[in-house]
Amino acid sequence: MPKHITYYLSLVSPWTYLGHARLGEMAARHGATIDYVPITLSQVFPNTGGLPLAKRAPERQAYRLVELRRWKQVLGVPLNVEPKHFPTDDRPAARLALTAKARGHDIAELSLAILRACWTEERDIADLATLREIADACGLDGQALLDESESQGQQRLDAACEQAIAAGCFGVPWYDVEGEPFWGQDRLELVEKKLSGGL
């Protein structure tokens, strides 16, 4: 039977961005399905011991930039390690994506477009007009999604964060393959081993 991946992601995370397309390619190679679950770490961290970037020690913040530069080079992925609109509130984007998902849309492309907007295009994904433009460019009705996400999106986001915490998620990207957790885009090699039956 094909394997299933539950993928918890933050739409403002550079690590999510670095691994997003690779996960999709990997799943396609192995015939695996992916359930995309946008969350916000602002709701996950307080329940799991995490700290937002601004509250981390300077040494940790500095090392994060070193790692981002390394992975950008290793993967050949365009990435501005210190974008103009970061940090920014990822909840509007998560609500939008979850609303598109609730309407039956595959949100892989939309999620990547939102991530790219932050990390390569210097756009603010907390801005509703920006989100509408991104959704429209993906062939969706951005305004209709925003209207619904403003009324029902937070409930969906709360449920997604509760699901993530119940699954043991404390950071992103988080890949759950048949009940086995993998944290971070640097674990994708292990995810592939799991998908191929080698782990």
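The values are calculated or read from the model by the stated rules, or taken from the named source; none is laboratory data. Keep in mind it's a predicted model, so treat the numbers as computed, not measured. Positions of Cβ are backbone-derived with ideal geometry, glycine not excepted, and every protein chain shown enters the neighbour counts. What goes into the accessible areas is simple: the full protein's heavy atoms, side chains included, and nothing from ligands, DNA or RNA. Shrake-Rupley method; radii C 1.70, N 1.55, O 1.52, S 1.80 Å.
Numerical summary
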read-out: The chain: most fluctuating residue of L18, L131, L53 per GNM, C-alpha cutoff 10 Å; value: L53
read-out: With all protein chains modelled, accessible area of T33 [1.4 Å, Å²]; value: 70 Å²
read-out: Partner lysines for K101 [C-alpha distance under 30 Å; skip if fewer than 8 residues away on the same chain]; value: K3, K72, K84, K193, K194
read-out: Label-point gap, in nm, between S196 and R56 - each point 7 angstrom along Cα→Cβ; value: 3.0 nm
read-out: Rough spin-label spacing in nm, given labels placed 7 Å along Cα→Cβ, for Q163 and D106; value: 1.8 nm
read-out: Prolate/oblate/rounded label for the chain (Cα gyration tensor, a/c 1.5); value: rounded
read-out: Difference of contour (0.36 nm per residue) and Cα-Cα distance, D141 to K84; value: 17.8 nm
read-out: Solvent-accessible surface ranking, highest first, for F45, F86, F170 at 1.4 angstrom; value: F170, F86, F45
read-out: Rounded, prolate or oblate (a/c below 1.5 giving rounded, otherwise prolate when a/b exceeds b/c) for region 14-63 by Cα gyration tensor; value: oblate
read-out: Solvent exposure, largest accessible area first (probe 1.4 Å, DNA, RNA and ligands not counted), of S42, S13; value: S42, S13
